[in-house]
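What follows is a single structure, written as structure tokens, with notes after it.
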Amino acid sequence: MAALGRFSQAVMRSAFAAQTRQLSAAAAHGEQGVKTWKLLSFLVALPGVGVCMLNTFLKAQHHSHDQPEFVPYTHLRIRSKRFPWGDGNKTLFHNSHVNALPDGYESHE
């Protein structure tokens, strides 16, 4: 039984030593990792965000701002009970220009 205890301690010591060596090796290459991620952030991520912003802006310029035609589909805008806010007919994030009510769009005078 004592031999088993000595064996397990020897295994644990060798595993701990190997882990310590791996961590110290990773710390030595940590400086290079920081530089790599910094370069990736400035040369890939930021230009990628800029391209996405430009794409969104250009699509918004060509987007039609007309109200879509109302089609009274029977499976859409079903109100089985009233909403607990407002007049009970409008959703929480209701937009009168885009979101139709069950009987059509709201008229704006």
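Taking amide hydrogens as placed 1.01 Å from N in the peptide plane, the amide H of Leu101 sits under 5 Å from those of Glu106, each at least 5 positions away in sequence or on another chain.
Scalar couplings 3J(HN,Hα) for the range 98-104, obtained by applying the Karplus form with A = 6.51, B = -1.76, C = 1.60 to θ = phi - 60°, are 10, 8, 8, 8, x, 9, x Hz; x denotes Gly and Pro. Partner aspartates and glutamates whose Cα lies under 18 Å from the Cα of Lys90, excluding those fewer than 8 positions away in the same chain, are identified as Asp103, Glu106. Sites listed here are trypsin sites (Lys or Arg not before Pro) in the range 42-84 whose DSSP assignment is loop and whose Cβ has at most 13 other Cβ atoms within 10 Å: Arg79, Lys81, Arg82.
So if each residue of separation counts as 0.36 nm, and I subtract the Cα-Cα distance between Ser80 and Leu39, what length gain in nm does that give?
Working: separation 41, 0.36 × 41 = 14.76 nm, distance 5.53 nm.
Gain on extension, Ser80 to Leu39, equals 9.2 nm.
Any read-out appearing in this document is the output of simple, stated calculations on the displayed coordinates, not a laboratory observation. Keep in mind that what you see is a predicted model, and the values were worked out from it rather than measured. Neighbour counts are summed over all protein chains in view; Cβ atoms, including those assigned to glycine, are modelled from backbone coordinates with ideal geometry.
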